[in-house]
Amino acid sequence: MRALGHQPCFPTKKNRKHQLRIPKKLYRTRYRVENFFCRLKRWGCTATRRDKLAQNFLSLIHFAAVIDWLRS
């Protein structure tokens, strides 16, 4: 990841001798994205991809994202 110019934001285990520091804002963003994908998985069709066409699948993802955005 670092070779591509990205910074990892995975927290280290508490029993690790050398703790790595991660930026709080970066970790917060990662957490939000991860939770968004968990909420998308609640839609059964998105988790199993029952649609045959990629366009229909993408439209379902967009629809689920809008519904999720309106709820928050």
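The values are calculated or read from the model by the stated rules, or taken from the named source; none is laboratory data. Just so it is clear, the model here is predicted, and its values are computed rather than measured. FYI the Cβ positions are ideal-geometry reconstructions off the backbone, even for glycines, and counts take in every protein chain you see. Protein only, heavy atoms only, side chains kept; ligands, DNA and RNA dropped before computing areas. Shrake-Rupley method; radii C 1.70, N 1.55, O 1.52, S 1.80 Å.
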Would you call Phe57 in a helix (DSSP H, G or I), surrounded by 10 or more Cβ atoms within 10 Å (Cβ to Cβ), touching a helix residue (DSSP H, G or I) at 6+ places or on another chain (Cβ under 9 Å) and modelled with pLDDT under 85?
-> yes
What residue, of Arg39, Arg30, is touching a Phe, Trp or Tyr at 6+ places or on another chain (Cβ under 9 Å), basic (Lys, Arg) and part of a helix (DSSP H, G or I)?
-> Arg30
Which one of these does Gln7 not meet: (1) surrounded by fewer than 10 Cβ atoms within 10 Å (Cβ to Cβ); (2) in contact with a Pro (Cβ under 7 Å, 6 or more places away or on another chain)?
-> (2)
Could you tell me which residue of the stretch 31-47 is farthest from the chain's Cα centre (by Cα), considering only residues that are aliphatic (A, V, I, L, M) and open to solvent by less than 70 Å² (accessible area, probe 1.4 Å)?
-> Ala47
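Within the group Arg50, Arg28, Arg71, which residue is out of contact with any helix residue (DSSP H, G or I) (no Cβ under 7 Å at 6 or more places or on another chain), surrounded by 10 or more Cβ atoms within 10 Å (Cβ to Cβ), of a type in the set (D, E, K, R) and over 30 Å from Arg2 (Cα atoms)?
Arg50
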Kindly establish whether Ala65 is out of contact with any Lys or Arg (no Cβ under 6 Å at 6 or more places or on another chain) and open to solvent by less than 100 Å² (accessible area, probe 1.4 Å).
-> yes
